[in-house]
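The values are calculated or read from the model by the stated rules, or taken from the named source; none is laboratory data. Note that the coordinates shown come from a computational prediction; the quantities given were computed from them, not determined experimentally. Neighbour counts are summed over all protein chains in view; Cβ atoms, including those assigned to glycine, are modelled from backbone coordinates with ideal geometry. Just so you know, the surface numbers come from the protein's heavy atoms only, side chains and all, with ligands and any DNA or RNA stripped out. Shrake-Rupley method; radii C 1.70, N 1.55, O 1.52, S 1.80 Å.
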2 protein chains.
Amino acid sequence: MSEALQVAVKDQETRLHESDHQSLKLWLRLLTCTSLIETRLRARLREQFDSTLPRFDFMAQLQRAPDGLTMGEISQRMMVSGGNVSGIASQLDAEGLISRSPLPDNRRTVLVKLTAKGKRSFNKMAEEHEDWIIEMLGGLPKADVDVLMSLLQKLKLGAQATSETGSDR
Amino acid sequence: MSEALQVAVKDQETRLHESDHQSLKLWLRLLTCTSLIETRLRARLREQFDSTLPRFDFMAQLQRAPDGLTMGEISQRMMVSGGNVSGIASQLDAEGLISRSPLPDNRRTVLVKLTAKGKRSFNKMAEEHEDWIIEMLGGLPKADVDVLMSLLQKLKLGAQATSETGSDR
């Protein structure tokens, strides 16, 4: 995909300023790296755990919130994979991996928690997930990682700032 | 999401080597940047063109291939967004944005091309898409962009090499 768009972009180079052109190339490279890693994570979650990234992400949200989260909170936090949050909840509930119970003081709001089985299942996946990431990224020297971390942070803050303005237009 | 996983990761820091920990942090930062930008692109494609990233991506593949692509080729190239490729093709066909015709020498294989209307429609979206990217990433100094481009390339090559081995296990 990235290569395809890159070529599309090249066809339009003449009308771009050099700085513009750079932004597009950078975005496509960022996207390629993420897609490459994500595609392999998806494949391995499927092969080894018969699971998906949205399910993994859903459970990761709950693992950091031992007191549970409402469905609204989970939706809000699941930026990456979106997915059908209530569909995922029903699946995980049917498999005994989460519990869902109405809040005592507001019975229309459902509180979701990992069950003991859910915690065990998530921890197993999380360990493998870590290993896969280390396998893919661990070869990068520490100095490179440090520079990447700081430049990506800069990129993130820049994107956040400008696009918040942009969405007000 | 990234913040959530980052916290989850922190709980497990004790069992991680420093280099392992770095890989995870790097992956989560990469994912946060990509998700942030992708989320905003999705929102704007929806608001301004009533369209989606998979549709944009599908059309981008065709725009670089004036002789057309088979459905198989399009599927293969659409790494990023996956989506339901034949569902997208039916929609775009119904809207007159692509044409689908069987190959003369193999009538079971369908060749897909952008129509003139499809080209106009894609070019409009691609121009806006460029502007959005430039708005979000254009603030990064050229020196930073250069370093990012080269380190992300290194990261990509490393991930490709190790995970190809990994999938043979």
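Checking the condition in contact with a Leu (Cβ under 9 Å, 6 or more places away or on another chain), away from every other protein chain (no Cβ under 12 Å) and either within 22 Å of residue A:136 (Cβ to Cβ) or modelled with pLDDT of 90 or more (or both), which residue from B:158, B:96, B:118 passes?
Numbers: B:158 fails: away from every other protein chain (no Cβ under 12 Å); B:96 fails: in contact with a Leu (Cβ under 9 Å, 6 or more places away or on another chain).
The match here is B:118.
State all residues of segment B:1-30 that are open to solvent by 10 Å² or more (accessible area, probe 1.4 Å) and either at pLDDT 60 or above or under 17 Å from the mean Cα position of the chain (by Cα) (or both); if no residue qualifies, say none. Scanning segment B:1-30 gives B:20, B:21, B:22, B:25, B:29. Considering only segment A:132-148, I want to know if a residue exists there that is touching a helix residue (DSSP H, G or I) at 6+ places or on another chain (Cβ under 9 Å), on the phi < 0 side of the Ramachandran plot and more than 10 Å from chain B (Cβ to nearest Cβ). No, there is no match, as no residue in segment A:132-148 is touching a helix residue (DSSP H, G or I) at 6+ places or on another chain (Cβ under 9 Å), on the phi < 0 side of the Ramachandran plot and more than 10 Å from chain B (Cβ to nearest Cβ).
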